[in-house]
Structures are given as structure tokens and as C-alpha cells.
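One structure is given here, and the rest of the page talks about it.
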Amino acid sequence: MARSKVNILKIEDLSVSYGQVKAIRRVSLEVNEGEIVVLIGANGAGKSTLLETVLGIHRFQSGTILFLGNDITRRSTDNIVGSGICLAPEGRGIFPSMTVWENLQLGAYNNKRDVNNCLKSMFDWYPILYERRNQITGTLSGGEQQMLAIGRALMSSPKLMMMDEPSLGLAPLLVTQIFNIIVDLNRQGHTILLAEQNAWKALECAHRGYVIETGKVILQGTAQELMNDAGVRQAYLGG
């Protein structure tokens with residue numbers, strides 16, 4: 001008998017507003033264990049707002065967010081992170097005046113009992129971070145900073161890892177490297193919810209995806225279905 005899918009995240013009819021501006025409009029989506037699920041949309045479509053709302057950063061007007069079957073809709077960000085969700089934010093969100101080592105330790109704020117094992121795994125996965133461990137973060141290259149942002153998020157031993165525009169501002173070669181890291185993390189067992197403007201690269205590595213426009217999900221499907229969709233190809237894949 002095939003193993004049933006474990007539902008990691010389920011969002012139902014979620015709506016979020018900034019004053020009179022409706023940023024998220026009755027969005028529903030789900031992420032199952034072992035998947036890479038991508039959110040595709042232009043800048044300002046609502047992708048970042050959606051991820052940040054899952055993490056408890058934004059208030060919402062209506063809807064429900066379930067994590068491993070538990071309602072986390074009204075929990076604090078600290079509680080949500082402690083329960084097993086992390087976010088590698090857009091713009092990396094690292095502390096440039098601190099060392100690589102210090103940034104990684106901050107990522108383990110809610111995971112202090114396992115910090116040494118996490119550090120060992122992190123440096124095994126990303127030897128360059130070990131080489132740079134005492135370096136001031138602001139002096140790292142863009143690709144190394146993005147790698148650190150992902151590494152810091154992983155220090156919390158998450159059950160769900162969310163990434164917001166991980167390829168933003170990187171050269172094409174580094175973009176390929178970052179997406180290879182995402183695929184490797186997934187192969188190692190990490191479940192990933194990814195918001196990304198680079199639709200082609202994102203769909204190449206994802207299992208499923210949702211297309212978001214003006215805060216609404218207008219299309220969903222497997223990665224291959226979305227890549228084959230004429231509208232998606234014209235709007236996001238260059239025809």
C-alpha cells in the first residue's frame with residue numbers, strides 16, 4: 001500500500017490587508033511532506049506577504065493556517081518558529097556587522113539543545129561557511145550571503161522551510177548554485193515552500209506550484225503542468 005502524504009501546511013481562505021489595500025485575497029494552498037512547492041508571481045503579487053503571514057508577522061482578516069494539523073493562525077512568530085517553521089527572507093536578512101558564526105547561532109535561538117549538531121551538519125553541507133566562520137558577514141559575496149541566510153534558517157531544524165526570492169540579485173551562475181542547494185536540501189528530506197520571480201528555475205526544481213496575481217491564486221498544478229500552460233509561459237517563462 002502506498003504511503004499517504006503527510007500534510008505539513010494547509011492554508012484556507014486567507015485574506016490579508018494593509019489598510020485599504022488587499023494584499024492576500026482568500027488564498028488556499030497546501031504543502032505536503034517532502035515537496036518543493038513554488039509560489040510564482042510578479043513583484044508585489046503577494047508572495048512575501050503570504051510567507052510572512054504564515055510566520056505570524058502580519059495580521060489577517062480571515063482564514064486559517066494549519067501546520068501539521070494544528071491551527072497556528074493566532075500564534076506569535078516566536079511560537080511558530082519554535083514549532084518548526086523557518087523563513088529565509090527576501091534580501092537575506094543577515095546581520096552584516098556580525099560574523100558568520102554569530103549569524104548561524106542566532107538561527108538556533110529556538111533550538112539551543114541541538115545547536116552543535118546543527119552547526120556540524122551546516123558546515124558539512126556548506127564547507128565555505130566553515131572557512132568563513134569568523135569573517136564579518138557584510139564582507140561575503142552575494143552568493144555566500146544567500147548561502148548563509150539558508151544555513152541560518154536551517155539552524156532551527158525546521159519541519160517546513162520557507163524561502164523568499166533566494167535568487168534575487170545574484171549572477172546567473174550563482175542562481176544555478178542556489179537552486180542546486182534547494183534541490184539537495186529537498187533530497188535530504190526538507191520540505192520547502194519557495195516564493196520566486198525566476199519562474200523557470202523554480203519550476204525546474206519544484207514538484208507543484210501556485211501562480212499568484214494581485215493577491216489571488218489564479219492557477220495551480222504540478223510543475224510540469226504549469227511549465228506547459230500557455231498563459232504561464234507567456235507571462236513568466238518568456239513565451
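Restricting attention to region 1-14, does a residue exist that is assigned to a helix (DSSP H, G or I), crowded, with 16+ Cβ neighbours inside 10 Å, touching a residue at least 24 places away in the same chain (Cβ under 8 Å) and not acidic (Asp, Glu)? Among the residues of region 1-14, not one is assigned to a helix (DSSP H, G or I), crowded, with 16+ Cβ neighbours inside 10 Å, touching a residue at least 24 places away in the same chain (Cβ under 8 Å) and not acidic (Asp, Glu), which makes the answer no. Yes or no: residue 229 farther than 18 Å from residue 44 by Cβ, among the acidic types (Asp, Glu) and under 15 Å from the mean Cα position of the chain (by Cα)? Here the answer is no, as residue 229 does not meet what is asked.
Screening residue 193 with (1) crowded, with 22+ Cβ neighbours inside 10 Å; (2) part of a helix (DSSP H, G or I) gives one miss only, at (2). A single member of 48, 121 is out of contact with any Ser or Thr (no Cβ under 7 Å at 6 or more places or on another chain) and either outside the structural domain of residue 195 (by TED's automatic domain parsing) or assigned to a loop (DSSP other than H, G, I, E, B) (or both), and it is 121. Taking region 220-239 as the range and being in a strand (DSSP E or B) and out of contact with any Asp or Glu (no Cβ under 8 Å at 6 or more places or on another chain) as the test, the residues that pass are 220, 222. Scanning region 19-42 for residues that are without any contact (Cβ under 8 Å) to a residue 24 or more places away in the chain and outside any loop (DSSP other than H, G, I, E, B), we see that the one that is surrounded by the most Cβ atoms within 10 Å (Cβ to Cβ) is 30. Residue count for region 196-219 under the criterion of being part of a helix (DSSP H, G or I) and either under 21 Å from residue 48 (Cβ atoms) or touching a strand residue (DSSP E or B) at 6+ places or on another chain (Cβ under 8 Å) (or both): the result is 6.
For region 103-115, the criterion of being part of a loop (DSSP other than H, G, I, E, B), outside the structural domain of residue 189 (by TED's automatic domain parsing) and of a type in the set (A, V, I, L, M, F, W, C) is met by at least one residue. Considering only residues of region 24-76 that are under 14 Å from the mean Cα position of the chain (by Cα) and among the hydroxyl-bearing types (Ser, Thr, Tyr), which is nearest to residue 13 (Cα to Cα)? Here the residue is 53. Say we look at region 196-217 and pick out the residues that are under 9 Å from residue 41 (Cα atoms) and in contact with an Asp or Glu (Cβ under 8 Å, 6 or more places away or on another chain); which of these is surrounded by the most Cβ atoms within 10 Å (Cβ to Cβ)? Per the criteria, the residue is 196.
The values are calculated or read from the model by the stated rules, or taken from the named source; none is laboratory data. Since we're looking at a predicted model, the values are computed, not measured. A quick note on method: Cβ atoms are made from the backbone with ideal geometry, for glycine too, and the neighbour counts reach across all protein chains shown.
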